Each structure stands twice: as structure tokens, then as C-alpha cells.
Amino acid sequence: MADVDSERSGSSFRPLERESRGQRMIAWLVLLAVVTALMYPWIVWGISRGHDQDTHLYYFHAFNSQFRSGELYPRWLASLNAGAGSPIFFLQYPLPFFLASVIHRGLALPDTPAGESHALGLVFLLEAWFFATAAFLWASHFLKSGQAALVALLGLTLPYVLWIDFYTRVALGECMALGCMLLLLYFSEFLSSRPVVAIAGLGIGFGLLFLSHVLSIVMFTPFLLAYILLRNPERRLVSSAVCAFAGGCLGAGLAAVYLLPLASHRRYFHAAGFNNQPGGIMSVETNLFPLNTTVTGHFPSGWWLLNWIIRAFVFVAIAVGVWKWPKLRGLPFLRRAIVILSVLAILAIVASPLVLGGVSVAANDPIAAEIASFRSHMFGFAFLSLEVAVCAFLALELFEEKKSVWLLAACLVTFLLTTRVTAPFWSHSSFLRDIQFPWRFLGEFSLLLVGLIVLVLRPKQGAALPGKHRVALLLAFFAPLSLLAAVAWQGPERFRHLLPDKPPQSADLALPTYADTEKLFGHLTPWPGGSTIGTRVLSGSGRVELQSISPRERRLSADCSSPCAIQLNLMFFPLWSAVESDSGPVKIDSNRENGLAVLRLQPGAHEIRLQLPKDRMERVGPWVSLVSGLLICVLFLFAAVQSSPR
């Protein structure tokens with residue numbers, strides 16, 4: 001990096017001189033100790049009570065039971081949907097569930113809801129360690145180890161990361177993805193100085209990101225590419241872009257065991273099924289923040305206080321902007337416009353409830369009311385985070401450097417992508433609508449804030465404040481934000497966690513995306529009950545008996561005295577095939593009432609074998625992953641040989 005930095009004199013991104021390994025290790029261990037304390041409930045009681053707790057327990061119970069029985073990669077989960085099965089793991093990210101299964105077996109945890117909750121809780125602990133470590137590595141490229149540890153801790157405790165994604169949403173895959181994105185930012189720093197290491201490291205980062213939360217690839221890659229272009233001199237842009245592309249290809253290859261079957265089976269899943277859920281909980285339109293929203297809630301939740309703090313920070317931002325106006329006037333036009341636009345944006349958002357009025361929700365729609373309340377709280381803390389960033393940006397005169405202005409602009413863009421200002425963009429982006437929740441961009445927003453925190457602490461000649469004062473000002477801005485979020489999201493109460501009961505769901509969360517039925521049912525409307533579920537004679541006369549059941553194979557015998565239709569306790573999925581021992585293939589239909597598979601048989605005795613065979617992509621994927629993994633190891637080995645003293 002030395003030659004790169006010589007071309008960028010005065011760059012706030014210039015790496016520092018190396019510290020001793022012992023100093024870095026101590027700072028990292030202290031950081032992990034603090035993170036462990038913050039994740040105490042996950043260690044003692046397991047997965048926290050939150051929005052997706054039941055879903056993860058429900059999925060993991062089925063996944064883990066098949067993994068423990070010897071199935072290396074469970075894709076069809078046989079016990080889901082009252083034993084009718086689910087193809088969800090053709091679509092679902094697998095890495096956190098593999099980690100939980102390994103932990104469950106390695107620690108000999110009991111095969112109970114409490115034991116499986118503990119395994120998932122320890123995965124969240126690993127994700128918090130991973131996030132903090134990746135942030136520490138990235139920040140260590142520019143800061144001393146103690147300051148880098150502080151940056152990592154502040155990044156983890158940003159409201160959207162710790163109190164929303166970890167403790168409230170319990171977003172298993174997205175929490176892992178945030179650490180992966182920080183790892184990609186870290187390895188992108190080596191594109192000019194050590195391209196072999198960069199390619200191998202980016203391959204690992206992209207591979208883990210694909211396996212953790214594939215939607216984040218679509219969301220984060222444009223910002224990563226912009227960061228790479230920003231960090232590399234013009235004469236190396238092409239080579240850096242090529243190396244980054246090579247790393248991305250290696251990462252896709254590493255995750256091929258998941259990606260190739262996903263690409264092969266994706267056509268059998270339809271995201272529109274999510275959008276029809278009651279209350280609009282999954283639709284893009286419902287989950288865009290309205291700019292005239294107010295933060296609802298009353299004492300003692302803390303939401304009322306959040307409203308007033310948000311309003312107060314607008315005056316702080318304007319006051320600091322006026323104070324720094326003489327220096328702002330000397331900036332290039334585009335840079336000055338971005339700074340002014342940021343201040344005007346937060347002013348407009350705060351003023352909009354006064355002009356447009358608050359958002360009203362139908363009193364007879366409790367689901368919509370709950371969504372609006374949660375969204376309002378999340379919007380409030382995200383907006384306050386933006387205000388804090390703008391105030392710190394102005395107070396410390398970060399606008400004097402192009403890179404910090406770019407980070408501020410990226411923060412503003414990612415925030416606005418969660419609001420109705422960008423509704424036209426979402427309405428014309430059918431592919432991106434599969435993300436479902438535009439406010440997922442608050443993850444990228446939080447990572448960009450970490451970059452701004454790095455710049456706040458980065459030593460710079462002629463800085464507005466010396467180093468110690470910058471640390472104090474940084475803590476004055478961001479520490480109260482973290483503490484307020486902890487109180488408002490009932491942080492102390494979450495530390496008095498209870499062991500989970502068996503998850504209550506009767507139907508898969510993603511059921512509406514693949515069930516071939518005329519009815520809408522899923523996690524918000526229960527599976528049809530009574531005699532509609534199970535293997536039985538649907539029409540005609542006869543009897544049917546299931547002889548054996550395994551995840552991807554079922555055998556049954558039937559004896560029809562007249563033409564009959566046999567309903568199976570098996571979710572209809574186009575890749576299931578049925579073969580009769582005497583007459584050959586049997587057509588499988590769907591019961592349009594409940595989405596279960598139906599066989600139509602002629603009079604007589606029948607012995608039928610149903611299978612969900614592995615297709616070509618499932619067989620090829622593991623080999624591609626193995627070859628990519630070996631290639632990454634070779635690249636790291638080659639880089640180590642190159643850097644060894646001769």
C-alpha cells in the first residue's frame with residue numbers, strides 16, 4: 001500500500017505503521033470479551049426471543065435431525081408442515097444451520113428445544129465475534145489496535161446491528177452477512193499491494209456471504225465496487241477490478257454446493273406469494289418508511305424521548321453547519337452540494353409529520369398496526385443514526401476530504417432507499433423486490449457508518465481536534481445512541497431471557513412461495529386442520545398405507561376397488577416422481593385445496609415408490625466448491641511463499 005498512499009498524499013485512509021502482534025492480540029481479546037458480555041443471554045439461554053426465533057427453531061429442528069441421521073446437506077425437510085415436508089433449503093441460506101448442527105453435536109447438547117436453542121444461540125455469539133473481528137481487521141488498516149477495537153465495538157452496538165438485527169429481528173443469516181461484508185472491505189485493501197491475497201480473501205468473503213444471505217450480494221456489491229474504485233489509483237483501477245471479479249467468481253465457486261441447486265430450483269419458488277400475506281407484512285410497499293411517520297409509543301418505552309431527540313438533532317446539525325459555513329463555501333460544488341443535501345434531507349424528514357400529518361393505520365387490522373409500530377421504531381433509530389453521523393461529519397470537518405464525503409453520500413443513499421422517496425425505483429425493480437424489505441439496506445448503512453467512525457478517529461495533520469478530543473467527541477455522539485437503543489428495545493429485559501418452548505408454527509414461513517394451491521396460508525394463517533391433512537383416499541373407494549418414509553423417498557401401498565384419488569401427506573413439488581412397480585411412472589397432481597400431492601389410480605393393488613432425486617446441479621455443486629476451496633488454499637500458500645524472507 002505504500003506506493004498507493006504516496007500517490008494520495010494526505011489521505012485519511014493511509015495505513016499506519018505496524019504494531020506488535022502482542023498489542024493487536026490484547027486489543028482483539030479485550031474486544032471479544034466485551035462482545036461476549038453483550039451476548040450473555042445467547043450463551044446462557046440460547047436464541048433470544050424475537051421476530052424470527054420460532055422460524056429458526058422450526059427449521060433447525062428439521063435440518064438438524066436429518067443432518068444427525070447422516071444426510072450431509074438436507075434440502076427437503078421432511079418433518080415440516082405436519083410431516084408434508086418442504087423444499088425450503090433449496091432456497092434457504094445453509095451456513096448458520098450447518099454451524100448450529102456442528103455445535104449441537106460437538107458439545108453433545110440435548111436433542112430438545114432447549115438444546116437446539118442453545119446451539120443457535122452460540123451461532124449468534126459466533127456471528128457477533130465474527131462481526132467485531134472483521135470490523136477490527138478493517139479498522140486496524142488505518143488505526144491503532146485500541147482505536148480499531150473501539151470502532152468495532154461502536155459498529156456492533158449501532159442500533160440496527162445489535163438491538164434490531166440480533167436481539168429484535170433475530171436475523172440469523174443477515175447477522176452473519178454483516179460480518180462477511182466487513183471482511184470483503186478488509187481484503188479489498190490488498191488489491192493493489194498484495195493482489196493474490198486479495199483474490200483469495202475476497203473469494204472467502206464472497207463465498208461466506210453467498211452461504212449466509214444471498215440477497216446481500218445484490219445489495220452490497222455496488223457499494224463494494226465503488227469503495228474499490230475510491231481506494232485504488234487510476235492506473236490500477238482495471239487490475240483491481242479484475243482481481244475483485246476473480247475473487248467474486250472464486251466465492252461463487254466456493255458456494256456452488258448451494259448456488260447451483262438454487263439456480264436450478266429457483267423457478268419453483270414465487271416471491272409474489274409473500275406479497276399477499278395478511279397485513280402486507282412481506283410486501284415492499286408496506287415496508288418502505290413513510291417520511292411523515294412519527295415514532296409511536298409512550299413512557300416508559302423511551303420512544304417518546306426518541307421523538308424529541310430526533311427533533312433536537314436537526315437544530316444541532318443546522319447550528320454546526322452554520323458554524324462551519326465559511327469552510328463549506330470553499331469546497332468544490334459537488335462536495336458542498338452533498339453536504340448541504342444531507343442537512344436538508346434530515347430537516348425535511350423531521351418537518352414532514354408537521355406538514356403531512358402522522359401515518360394512520362386501520363384500527364381493525366392488528367397485523368398492519370404491529371408492522372407500522374415496529375417500522376416506526378426502526379425508522380426512528382436509523383434516522384437518528386444518520387443525524388448523528390451528519391453532526392459528527394460537520395463538527396470534525398470531514399467534508400475537506402473526498403473519501404469522507406463519498407461515505408456520507410453513500411450513507412444518505414442507503415437510508416433513502418428505505419423510504420418512500422425511492423418508491424419509483426422499487427416499483428421498476430422487479431428483481432430487487434424479491435429482497436422484500438427495503439430496510440435491509442440499513443445493514444449497508446450501518447457498515448458505511450463504521451467507515452465514517454474510522455475517519456473520525458484517523459490521525460490527520462491540521463485536524464480540527466486532536467486525537468483524544470476526537471475520541472471523546474465520537475463517544476459523546478455514538479455512545480448515548482447505543483444506550484438509548486438498548487433501553488428502548490428493552491435491552492435489560494432481554495438479559496432476563498427464558499428458555500423457549502417448542503416452536504408453535506404449523507406451516508413453513510415460505511409456504512406461500514411454493515405451495516401449488518388456490519388458497520393462501522402460511523405462518524400468519526394456519527394450515528388447514530382436521531381431515532384435510534394426511535394420507536387418505538380423497539375420492540373413489542379403497543385403502544392406502546404408507547410403508548416407509550425418508551426425507552427424499554416414500555413407499556406406499558394402495559388397493560382401489562374403483563378409480564380413486566389418493567392424497568399424500570406430502571407437499572406437492574414438481575420434482576417429486578412416482579413409479580409403480582408393475583406399470584411404471586404415475587402422474588402426481590396437486591390438491592388445489594391444500595397444496596398436497598395427489599395420485600390418481602385405477603382399480604387394483606398398487607405398490608408405489610415416490611422419490612425426489614438429486615438433479616445434475618446437486619451432484620456437480622460439491623465438486624465445484626471443493627475445487628474452488630483448494631484453489632483458494634493454493635493462492636494463500638503462494639502468497640505466503642512470496643512474502644517469506646529469502
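So the values come out like this:
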quantity	calculated
Rh by Kirkwood over Cα pairs, then Stokes-Einstein D for segment 119-243 at 1.306 mPa s and 10 °C, µm²/s	106 µm²/s
Value at 222 nm in deg cm²/dmol, rounded to 500, when DSSP H runs of n ≥ 4 in the chain each add -39,500 (n - 2.57)	-18000 deg cm²/dmol
Lone cysteines, the chain (no partner Cβ under 4.7 Å)	Cys175, Cys180, Cys243, Cys249, Cys391, Cys411, Cys633
Cleavage-rule hits, trypsin sites (Lys or Arg not before Pro), segment 176-261, DSSP coil, Cβ neighbours within 10 Å at most 10	none
Unit Cα scatterers, Debye sum, segment 66-108: log10 I(q)/I(0) for q = 0.26 Å⁻¹	-0.99
Solvent-accessible area, 1.4 Å probe, carbon plus sulfur percent, for the chain	66 percent
Where only alpha carbons of the chain are counted, the Rg and the Dmax (Å)	26.9, 93
Average Cα contact separation per residue, the chain, under 8 Å, 6 or more apart, as relative contact order %	17 percent
Rg over Rh [alpha-carbon atoms, Kirkwood Rh] for segment 159-204	1.19
Reference-scaled alpha-carbon Rg (2.2 N^0.38 Å with N residues) for segment 198-334	1.59
Residue-normalised accessible area of the chain, given per residue in Å² at a 1.4 Å probe	41 Å²
Rounded Å value of the spacing that divides the Cα centres of segment 558-608 and segment 49-126	30 Å
Per DSSP, loop GluC sites (Glu not before Pro) in segment 542-601 with at most 10 further Cβ within 10 Å	none
Pairwise Lys count, the chain - Cα closer than 16 Å, eight or more residues apart or different chains	6
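The values are calculated or read from the model by the stated rules, or taken from the named source; none is laboratory data. Keep in mind that this is a model prediction, so the values were computed, not measured. Glycine gets a Cβ as well: all are built from the backbone with ideal geometry, and neighbour counts include every protein chain shown. Accessible surface areas use protein heavy atoms only, side chains included; no ligands, DNA or RNA. Shrake-Rupley method; radii C 1.70, N 1.55, O 1.52, S 1.80 Å.
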